[in-house]
Amino acid sequence: MPNPLLIVLSGPSGVGKDAVLSKMRANGEKYHFTVTATTRTKRPSERNGVDYIFHSVESFRSMIEQNELLEWAEVYGNFYGVPRDQVRDAMETGKDVIIKIDVQGAESIKKLAPEAVFIFLMPPNVRDLESRLTRRLSETTNTLKLRLLTAESEMEKASDFDHVIINHEGRLDDTIKELNKVAKVERLRVPPRKVSI
């Protein structure tokens with residue numbers, strides 16, 4: 001593929017970005033899925049290098065200084081960033097790349113690579129999102145409130161994205177079909193999108 005896509009998948013915390021990408025990996029989808037670097041504490045079910053690349057604050061700051069991150073941000077008191085070499089190396093081999101990122105990060109990438117395809121993953125409604133975050137059992141009451149307030153303001157930015165996909169509970173396959181449909185349409189775009197990182 002001469003011009004691989006850079007797909008930026010964003011949406012509020014708890015909308016199911018990780019679940020969608022995990023299922024896509026399990027399905028053997030032909031994308032390169034970037035692994036985000038973070039200073040956040042590892043959850044029991046997470047695997048280092050697969051779900052996230054876990055770093056100390058000192059190590060993360062070194063990556064910032066060495067310009068090793070495509071973008072980075074501090075979110076809820078932790079650092080998150082996209083390793084630049086993962087994106088560049090995959091695209092050089094002709095592979096479409098999917099970056100999972102928060103809305104703030106998507107805005108940063110849009111400044112660097114406006115030719116990327118920006119997809120916003122949306123819950124059916126805020127109540128659904130609250131239910132998902134509550135079931136995750138990883139949030140304190142105060143953190144949950146903060147995440148919900150942030151989610152509401154983030155969902156107002158959905159119109160800034162190229163595509164919006166509703167991720168209904170228990171219907172990951174439908175969400176993945178929609179994402180693949182978007183990618184197929186974007187690959188046929190004339191002239192093709194050409195992203196330089």
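The values are calculated or read from the model by the stated rules, or taken from the named source; none is laboratory data. No experiment lies behind these values; they were computed from the predicted model shown. These area figures cover heavy atoms from the full protein model, side chains too; ligands, DNA and RNA do not enter into them. Shrake-Rupley method; radii C 1.70, N 1.55, O 1.52, S 1.80 Å.
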Using a 1.4 Å probe over the heavy atoms of the protein chains, calculate the carbon and sulfur portion of the accessible area of the range 28-142 as a whole percent.
-> 49 percent
At q = 0.14, 0.17, 0.18 Å⁻¹, what is the base-10 log of I(q)/I(0) for the range 45-181 according to the Debye formula with one equal point scatterer per Cα and no solvent? Please give it to two decimals.
-> -0.81, -1.22, -1.36
For Lys145, counting only aspartates and glutamates whose alpha-carbon sits under 13 Å away and dropping same-chain residues fewer than eight positions off, the answer is Glu130
Fraction of antiparallel bridges per DSSP, the chain only, in percent to nearest 5 = 30 percent
With no solvent and one point on each alpha carbon, what is the Debye value of log10 I(q)/I(0) for the range 122-197 at q = 0.14, 0.22, 0.25, 0.28 Å⁻¹?
-> -0.63, -1.06, -1.18, -1.28
Once the whole set of protein chains is in place, how much accessible area is left on Tyr80, using a 1.4 Å probe, in Å² to the nearest 10?
-> 40 Å²
What helix-only [θ] at 222 nm does the chain give? Using -39500 (n - 2.57) per DSSP H run of at least 4, over all residues, to the nearest 500, the answer is -12500 deg cm²/dmol
Provide, as a two-decimal number, the C-alpha radius of gyration of the range 9-100 over 2.2 N^0.38 Å, N being how many residues it has.
-> 1.08
Per residue, how many Å² of accessible area does the range 123-197 show with a 1.4 Å probe?
-> 66 Å²
Would you mind checking which residues have amide H under 5 Å from Lys100's amide H? H placed 1.01 Å from N; only 5 or more apart, or other chain.
-> Leu9, Thr34
Expressed in angstrom and rounded, the centroid-to-centroid distance over alpha carbons for the range 1-66 and the range 127-176 is 17 Å
